[in-house]
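Worksheet for the structure shown next.
Rule-based calculations on the coordinates, nothing more; no lab input. These numbers were taken from a predicted model, which means no experiment stands behind them. When we count neighbours, we look across all protein chains shown, and the Cβ atoms used for this are built from the backbone with ideal geometry, even at glycine.
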Amino acid sequence: MKIIRWGILLALVLPVPFFLGFIPVKHMNRLQRTPAMTYVCGWFVSFFLFELTAVPFILLEQSFTALVAVYTGIVAAVLAVSLWSGRHLWAVYLDEIKRIWDMPGRVKLCWAVFFLLVAFQMAYAVLYEYYDGDDAYYIAVSVLTDTFDTMYLRDAYSGYIYPLDTRHALSPMPIYQAWLSRLSGVAPAAVAHSVLAPVWLMFMYCIYGQIGSRLLWNKKAYKPVFMILIAVWFMYGNISLYTTETFAMTRTWQGKGLMAGMVIPALFLALIYLAQESTSQGMWLLFICVCVSSVLATSVSFMVIPTITGVSSVMIGIRKKSVKFAAELFLCCAPCLLLAVCYMIIK
Amino acid sequence: MKEVMQAVAEDVILYNNRSFLIPLFLIALLFLWVTEKDRKLRVVLLYVVAAVAAVFLCPLYAWVGMKIDADVYYRVLWSLPIGILVCYSAVKLMAYFRAAVSKALVFVLAVLVIVMNGDLVYTNSFHIRATNAYHIPQQVIDVADALRLDNYKPIAVLPAELLTHFHQYTADVFTPYGRNVVEPSWSFQDELYDAMEADKTAYDVAEVARCARNHNCAFVVLSCAKQMNGSMEEQGYFLFRFVQGYFIYMDYNYYWVFKEQGLLDADVIEAGG
């Protein structure tokens, strides 16, 4: 029984996001159609769907079970569509994998070093626990949600009934983790600390890998060197309690860690591609999903994401000499702005 | 505005924390400004990043940001892709050299700069070997399991060291307070917490019992590391279990009521007599 539970959980965090990523990746160009990009896109599609589904349920004070039923149904439907529409992608992935054999020996060695570094970090995340006081809120909200079948209507510190916690209701990352817990039967603390901590580290390096692919598209042999430096950078980034690297490495499973380690780099990944002359529909899809996912992660996104998007719209718009493009780019964060207005009203 | 600028400067200084991070970022930005020829990359990596940095340092923007939440304004610094810029600069520098030795030297130098400038996350933080998949101290799990009832969710008061982790494991037991009372900066006050924690070496049992009853606690958990001035039995409690160095007492008042209503597990009934 225990093995089945953990098996379901691993399926929900490994193949399910991968398959969900087929939809945007199908609409991307050749350089972007990689298994890592698919996995990255899949997570952001999951987050996008969850944010848009969960927020109305939370604000209307509906039961968690109802949300689980609806969101699971949506994921199942999107998964079916994704698997069918992306069935041609397998051949592209196979080509990608075959190319590994053509790499020079020193490049393979560099990749091996990088994967060892990541494996070490993932193993450390599973085998060692990190004390963070904020878990007393985040994980407790997941536990309360699963136990009482309500969302943000209980005080995380005592368990007593409480008015709707509007400060956190629009960024329901703990509810997402409660969904993983409900479907798998694994406790929220184990989901966050033993599964999401290592899996999201891998997710983070997939994003950086795609950034590396774009930056070094004409120097592919240097990509593993870039990735090794990034891995070392994160390992030694704990210069203060406040850095991106500290949050990404020690609070990977929290919304803040997700924002610092994954959402903002993914935003830059999409922007780098959107700044090119020709942009793929898939990249636009990824960009919208990242903008909405940022709200799921943390309420800081209400300020940060429109700012980055706004500045990027102006800069890329000037470069492309296109007001239309700038407006379209900024419109991608409209859901984020709408949720920000919602936050100001209900706060 | 002066205060806002001071607060922004403090945020940057706290973020940087005596390291070479911000100067390294500026060096990488300057290096790429000079060397990066790809116009599409220049827009996002240089112009957007520089403009975003300027916006976040702008007093008016910072004033608005701090009005929303001054405590977390430092998080806008996450928007600067410092790691990407520094590592990409290092790789670009490597690519400038033809000889493999020179490339290797640049790589080693880059790693050394990162290592010497930074702090290893695993040695400079609160990491300890995990004892279970929850990553929760085992004594918290054992105490929580002892307190859980099959047919009822009781209220229990716990020593401060168990509070942060307790509700990460279970919501089947209520507590009068949690981590909110442990954080000194949150200025949360509670007479029961004071009774439990004010004296670091001993419990004033009569005071603990009085306050616990005021908070409707069926269970009181006391650490064996502290002395007891008085006896819980004299206050109308019985010792239900001793778990991992913690005495778990149950209030007889609740015992009789719960027992009558059929809410107690067999082991509690056996202990209560």
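A few remarks follow.
- Helical content of chain A, expressed as a calculated mean residue ellipticity at 222 nm, amounts to -23000 deg cm²/dmol (DSSP H runs of 4 or more residues, -39,500 (n - 2.57) each, divided by residue number, nearest 500).
- Sequence-separation-based contact order of chain A, relative, with Cα cut under 8 Å and 6+ spacing, percent: 21 percent
- Each label was represented as a point 7 Å from its Cα along the Cα-to-Cβ direction; for residue B:39 and residue B:71 these points are 4.8 nm apart.
- Only helical runs count toward this figure. For chain B, summing -39,500 (n - 2.57) over DSSP H runs of n ≥ 4 and dividing by all residues gives -15500 deg cm²/dmol at 222 nm.
- Distance between modelled label sites at residue B:54 and residue B:128, nm, 7 Å Cα→Cβ extension: 5.0 nm
- Each of residue A:60 and residue A:347 was given a label point 7 Å from its Cα along the Cα-to-Cβ line. The distance between the two points is 2.6 nm.
- Reach of residue B:103 by Cα under 18 Å, taken over aspartates and glutamates that are not fewer than 8 positions away in the same chain: none
- Under 12 Å from residue A:321, Cα to Cα: aspartates and glutamates that are on another chain or at least 8 residues apart: A:277
- Descending by average beta-carbon neighbour count within 10 Å, the peptides A:132-145, A:214-227 line up as A:132-145, A:214-227, the highest first.
- Between region B:27-105 and region B:157-184, the alpha-carbon center distance in angstrom: 42 Å
- For region B:224-252 and region A:252-296, distance of Cα centres in Å: 54 Å
- Sequence-distant contacts, meaning Cα pairs under 8 Å at least 6 residues apart, place the relative contact order of chain B at 13 percent.
- Rounded if a/c under 1.5, otherwise prolate or oblate - region B:123-273, Cα gyration tensor axes: oblate
- Which listed pairs, of A:26/A:220; A:256/B:200; A:98/A:223; A:219/B:40; A:219/A:320; A:108/B:92, have C-alpha distances above 27 Å, in listed order: A:256/B:200
- Three-way shape call for region A:190-347 based on the alpha-carbon gyration tensor, with the a/c threshold at 1.5: oblate
- Shape of region B:1-123, Cα gyration tensor, a/c cut at 1.5: oblate
- Our note on the geometry: Cα centres of region A:1-26 and region B:255-273, 45 Å apart.
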